[in-house]
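Participant: The structure under discussion is supplied below as structure tokens; questions concerning it will follow.
The values are calculated or read from the model by the stated rules, or taken from the named source; none is laboratory data. Note that the structure is predicted; figures quoted are calculated from it, not measured. Note that we place each Cβ from the backbone using ideal geometry, even for glycine, and neighbour counts take in every protein chain shown. Ligands, DNA and RNA are excluded from the accessible area calculation, which covers all protein heavy atoms including side chains. Shrake-Rupley method; radii C 1.70, N 1.55, O 1.52, S 1.80 Å.
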Amino acid sequence: MGGKTAVVTGATGLLGRQVLKAFANNDWTVKGTGFSRADGTDILKVDLTNADELKKVLDDVKPQVVVHSAANRFPDKVDKDPEGTRALNVEAPRTLARLCAERGILLTYISTDYVFPGKPGDAPYENNAEPAPTNLYGQTKLEGERAVLHEFKMAGKEGLGVVLRVPVLYGSAKSNAESAVNVLMDSVLKAQQEGANINMDHWALRYPTNTEDIGRVLKDIAAKYLETSDRNSLPRILQFSSEDKYTKYEICQLFAEINGLPIDRIKPNTEGNDPNASVQRPYDCHLSTKALKDLGIDVSTQDFVGWWRREFRAFRH
């Protein structure tokens, strides 16, 4: 794929950093966009809600591929800022899709397993299963999916708009708070303090997926779609997930075991959703990767336990 150019939005974030690396390490010229952490060289400062700034970066960089990983992706934060979330999760990708379609650029929009209701017995969900989000985060990401695919359809460029749904992410982080998985280590450490009493969900099933693996898959999707002459024969929606299955409490148990720490002060909560909570979380949104496999794309993932054993060993020395 020599001579190919990509743009990655949200390139300073947990996922975006690894997507940037995946393309750069495979002979792509790649530029990222960011805002508060942009350096103006590899990471260009772009307000994704400003159409003129989006046009400028596309016309200056002239990419064949854009990966849109920027989003408000924490359900609790979404509920506190619904207007700002819709601007970033729905309207920005809508505008980006229109501009990419006009320029014949392949756009991959990163979405979530939370577009599905996650009722017991429903999973795994195929890529054509009926979405029914249980919270505003999932709803805005579903609206973003539909907005992106609609813009490419209206432009007669359907084969250039692709959605990739992924589950909860983990990986190399600048702070544990970047990841809903990494941050559980903070709970394990807090549980070492006298008087700590932490309730931890031991109900919902999660499939933590490494950001490096997602970066590799996104690079492979770009290669596949660009080299296919009849893109209309390719699926519009793809899904990627690890098969590693844990509750949050089980992840805390694992972190504690690897680090030789007790977690007596963390109590497993098996009650499920509080019906009065503003954010209702699905029980099991496991994503089928069949559509990717059918394209011949490698869906293997790093072993969750092995990755963390290596990570903590490095951290402790």
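Participant: State yes or no: is Val7 among the hydrophobic types (A, V, I, L, M, F, W, C), closer than 20 Å to Leu164 by Cβ and either buried (at least 16 other Cβ atoms within 10 Å of the Cβ) or not assigned by the TED database to the domain that holds Val162 (or both)?
Facilitator: The answer is yes for Val7.
Participant: State all residues of segment 10-25 that are open to solvent by less than 60 Å² (accessible area, probe 1.4 Å) and within 14 Å of Ala222 (Cβ to Cβ); if no residue qualifies, say none. Before the answer, list the steps.
Facilitator: Here is the first cut: in segment 10-25, the residues open to solvent by less than 60 Å² (accessible area, probe 1.4 Å) are 10-20, 22-24.
Across segment 10-25, the qualifying residues are Val19, Leu20, Ala22, Phe23, Ala24.
Participant: Counting only residues that are over 16 Å from Gln18 (Cα atoms) and either open to solvent by 40 Å² or more (accessible area, probe 1.4 Å) or over 18 Å from the mean Cα position of the chain (by Cα) (or both), how many does segment 158-175 have?
Facilitator: Count: 3.
Participant: Let me ask something additional. Output the residues belonging to segment 40-53 that are under 28 Å from Ala223 (Cβ atoms) and either open to solvent by 90 Å² or more (accessible area, probe 1.4 Å) or among the hydrophobic types (A, V, I, L, M, F, W, C) (or both).
Facilitator: Ile43, Leu44, Val46, Leu48
Participant: Could you list, ordered by first residue, the pairs with Cβ atoms under 9 Å in which the first is in segment 58-82 and touching a residue at least 60 places away in the same chain (Cβ under 8 Å) and under 12 Å from Arg103 (Cα atoms) and the second is of a type in the set (Ser, Thr, Tyr) and assigned to a helix (DSSP H, G or I), at least 6 apart or interchain?
Facilitator: Within 9 Å, the pairs are Val65/Tyr225.
Participant: Right, here's the next one. Suppose we filter Glu143, Glu151, Glu178 for residues that are among the acidic types (Asp, Glu), open to solvent by 20 Å² or more (accessible area, probe 1.4 Å) and at pLDDT below 95; which single one remains?
Facilitator: Values: Glu143 fails: at pLDDT below 95; Glu151 fails: at pLDDT below 95.
Unique residue meeting the criteria: Glu178.
Participant: If Asp81 satisfies every condition in (1) touching a Cys at 6+ places or on another chain (Cβ under 7 Å); (2) assigned by the TED database to the domain that holds Thr228; (3) farther than 29 Å from Asp294 by Cβ but one, which is the exception?
Facilitator: Of everything listed in (1) touching a Cys at 6+ places or on another chain (Cβ under 7 Å); (2) assigned by the TED database to the domain that holds Thr228; (3) farther than 29 Å from Asp294 by Cβ, Asp81 misses just condition (1).
Participant: Out of everything in segment 56-80 that is surrounded by 15 or more Cβ atoms within 10 Å (Cβ to Cβ) and of a type in the set (D, E, K, R), what residue ends up being nearest to Thr9 (Cα to Cα)?
Facilitator: Arg73
Participant: If you don't mind, there's one more thing I want to ask. Do any helices (runs of 4 or more DSSP H) lying entirely in segment 200-313 carry at least 2 residues that are open to solvent by less than 30 Å² (accessible area, probe 1.4 Å), modelled with pLDDT of 95 or more and more than 30 Å from Phe152 (Cα to Cα), and which ones are they? Please lay out each step first, then the result.
Facilitator: Values: elements: 211-227, 248-259, 290-294.
Passing ranges, in order: 248-259.
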